[in-house]
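The values are calculated or read from the model by the stated rules, or taken from the named source; none is laboratory data. These figures come from a predicted structure and were not determined experimentally. A quick note on method: Cβ atoms are made from the backbone with ideal geometry, for glycine too, and the neighbour counts reach across all protein chains shown. Only protein heavy atoms, including side chains, enter the accessible area calculation; ligands, DNA and RNA are left aside. Shrake-Rupley method; radii C 1.70, N 1.55, O 1.52, S 1.80 Å.
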Amino acid sequence: MSKTYNRLRNTSIVLILGLVPAIICQFFTQEPVDRYIHIRNFRYGKDPSVIRCNRGDTLHLTFSSDDTGHSFFLEEFDVDVKVSPNVEEVTVFKTSDPSSNPYISKELTIVAEHPGFLNYMVSKSQYRCHVWCGPMHAFEQGKLLILPNTLLCFSLGSFMGVLLVWLLGLFSKKGQATATGRDETEMKDLFKGNGLLKKLMVSRWPQFILTLLALTLIYIVIMTSLFGTKMSGRNLGVLLMWAVWLFLIIGVMTPLAGRIWCTICPLPLFGDLIQRGSFFTPGKGRTGEYNNKFYGLSLKWPRSLSNNWLRLIVFLILATFSTTMVASPKISGIAILSLLLLPTLMAPLFELRSFCRFVCPVHAFVGPFSGLSKLALRNRSQEVCDKCKAHYCQKGNSKGWACPYGLNVSELKESANCGLCLECLRSCSYDNVTLYRRPFASERNISNMSDAWLSIAIFSIAIIYSILYLGHWPVVRDYVNILDKKNWDLFGIYATIVWAVSLIVMPGLIYLLALTGGRLSKEKLNARKIFLNYAGSLLPFGLLLWMAFVIPMLFTNITFVLQSLSDPFGWGWDFFGTANTPWHQLLPRYIPWIQAVLILTGLHLSLRNILRSFKALELKPRKQLLVTLPYALFLSAVAVGLLFFFTN
């Protein structure tokens, strides 16, 4: 049975089971009615934060403000209502043409329907505030739900299709190649027959130029964050960092090329110069076990910290204060500046790139997910590596520096710790190092508990962030508002929840599921091994959940990025003529659909990978079902919850 046939069959199952309830729900549309709704605006939310109605209902909306000026921005219905305190009348603008004359009214009337076929497809719209009302302004939002909810019905039907596909996979006769975590037949050598690509990768100039460009962007981010406008939604540094860069690294770079950001990351640039004394020419001589001359003390990193635990702690610290960094440009700028200074200060003390290897919070994120990417650096022949005694890929030579990550290509079977610095491409005397293209999410192995804890924590943070940033509950935002409301007591509760869920609750739950799966299967399977398999298979779901989170972050703010590029400091400049561009979101009607597809795809890939992990143990289908059932039920419950969150 061909892979093409399997993919067509599986896709058809998911689509058909999704379309059936989506079509059936159309026959349960209720008769339109008039609904009278008063919307109270306040820092930082709206009441009601959810408006539910039926397709075709006429909504009569009135508004008030508890504190300062606000707006009710609903782009899909072409309205931007400006609300002032102690005034019953509101000013209504068109989002499509804000320069046209507005009208003043005590009531806004809209009909809950979308044009054409979209009337049957779009059920959820976000209403936001387009008047800056304080540092947490960007979090002020609510949602309009129009029933029947076609997307929710389609998503739940497709969810059943994903489960059916998983059950069919139990009885698949696929070979053990896909069960090992590295299907050799599907890995394509990108340098084979492509000499130009290899020359570009081996040459230091392209990498150096791109690193300088990245450093320039970091400089712009720091300067505009520290000295630009205090409005985070119009601050170029905040937008470039937390909307554009975050989207690119999560939605583009990591899934396609793993740790390709590390290839051009400017954070270790100055530290490398201090250690090496050159950007281009590997130093001749010896420093300890390495065949290059390094400057500084070259101390060994403490063995007790040579794992993911410190990196996880740094990541959680930044994650805990993320809303503060997003809402306050100055704090964001100071945090980024610190991340630039720390590796520079560590370089004269410790050998190689100790910051990148054991501290960097970006590595904490992209490291685990790099195993899912379509790009992998590996050797061409293990036999050639076994015969090599010099290990130039790790120790360095006159052509390439010693591996900044302390890796030997002959032992490189996973991508998490490889920063794609490309030094081994230059130093290998046997031309035995190459880049491979491989299927997405084909690497599943997690070898130790710190890796597992890190993967689970990142998954937990994705759920917490989705609720915090994309949810409609104003009370949740009060728990992170330490800027103008000074809610330090509530923030303490929030921080405790973040750390407890990430480090105790979620890992503990998954370990309990591993124990349950082992007992159900009645096989002599080590609970630790099951737990590691569970954690490894969680990665696809985690990455696509992060993608579902970052897409609205960029799509909603794309106009503000263009505005800020023209006026980077908020000083009234207009370099590119876009400083006064009206706010328009990118594809607002389609964002919930994209999020639903990502959640379903992540669920499918995680279920597929956990099944393949236990196929490698040559268990019978019934035993595979029993050992994976608790975890599959957990993933399913999380997926259903997220589908309701993103679509309903």
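Model label sites at Leu167 and Arg622, defined 7 Å from Cα along the beta-carbon direction, differ in position by 1.7 nm. Which shape class, rounded, prolate or oblate, goes with the stretch 32-184 when its Cα gyration tensor gives a ≥ b ≥ c as root eigenvalues, a/c under 1.5 marks rounded, and past that a/b bigger than b/c marks prolate? It is prolate, given that a/c is not under 1.5 and a/b is the larger ratio.
Mind giving me the FRET efficiency for Asn6 and Ile220? R0 is 41 Å, r the Cβ-Cβ distance, nearest 0.05 is fine. Display every interim value, and only then the final one.
Values: r = 47 Å, r/R0 = 1.16.
After rounding to 0.05, the efficiency reads 0.30.
Could you size up the charge dipole of the stretch 550-648 around its Cα centre, putting +1 on the beta carbon of Lys and Arg and -1 on that of Asp and Glu, and report it in debye to the nearest 20? Roughly 900 debye for the stretch 550-648. With unit charges on the beta carbons (Lys and Arg positive, Asp and Glu negative) and the dipole taken about the Cα centre of the stretch 298-380, which residue among Leu339, Ala319, Ala364 sits farthest to the positive side? Projecting each Cα onto the dipole axis, the largest value belongs to Ala364. A value for volume of the Cα convex hull per residue in Å³ was derived from the coordinates, and within the list (i) 365; (ii) 172; (iii) 157 it appears as (ii).
Under 15 Å of direct C-alpha separation, and excluding same-chain neighbours fewer than eight residues apart, Lys522 reaches these aspartates and glutamates: Glu618.
To the nearest 20 Debye, how big is the dipole of the chain about its Cα centre, given +1 on the beta carbon of each Lys and Arg and -1 on that of each Asp and Glu?
Details: 63 positive and 38 negative charges, 657 e Å.
It works out to roughly 3160 debye.
Given a 1.4 Å probe and the protein chains as shown, Phe321 ends up with an accessible area of around 80 Å². Ranking Val202, Leu246, Leu273 by how far each Cα lies toward the positive end of the dipole of the chain (charges on Cβ) leaves Val202 at the top.
Separation of the stretch 4-28 from the stretch 129-163 is 22 Å, based on Cα centroids.
Per DSSP helix of 4 or more residues, -39500 (n - 2.57); summed, then divided by the residues of the chain. What does that give at 222 nm, rounded to the nearest 500? Working shown, then result.
On the way: 24 runs with 314 residues, N = 648.
The helix contribution divided over the chain gives -15500 deg cm²/dmol.
Per residue, the accessible area of the stretch 327-375 comes to 29 Å², computed with a 1.4 Å probe over protein heavy atoms only.
If the label point is 7 Å along Cα→Cβ of Lys192, which residues in the stretch 433-457 have backbone nitrogen under 17 Å from it? Flagged as within label range: 433-439. Taking a ≥ b ≥ c as the square roots of the eigenvalues of the Cα gyration tensor, the stretch 393-506 is prolate, since a/c reaches 1.5 or more and a/b is larger than b/c.
Taking 28 Å as the limit for the C-alpha separation, the pairs Lys3/Lys124; Lys198/Lys395; Lys3/Lys374 exceed it in the case of Lys3/Lys124. Placing unit charges on the Cβ atoms only, positive for Lys and Arg and negative for Asp and Glu, gives the stretch 1-71 a dipole magnitude near 580 debye about its Cα centre. As a fraction of the 1.4 Å probe accessible area of the chain, surface on carbon and sulfur atoms comes out at 66 percent.
In this calculation the C-beta distance from Asn580 to Val475 is compared with R0 = 25 Å, giving a FRET efficiency of 0.10. When the charge dipole of the chain is built from unit charges on Cβ atoms (+1 for Lys and Arg, -1 for Asp and Glu) and taken about the Cα centre, the candidate among Thr263, Gly296, Ser564 whose Cα reaches farthest toward its positive end is Gly296.
Please state the relative contact order of the stretch 586-648 as a whole percent: Cα pairs under 8 Å, 6+ residues apart? Walk me through the intermediate numbers first.
Details: 20 pairs, mean separation 36.0, N = 63.
It rounds to 57 percent for the stretch 586-648.
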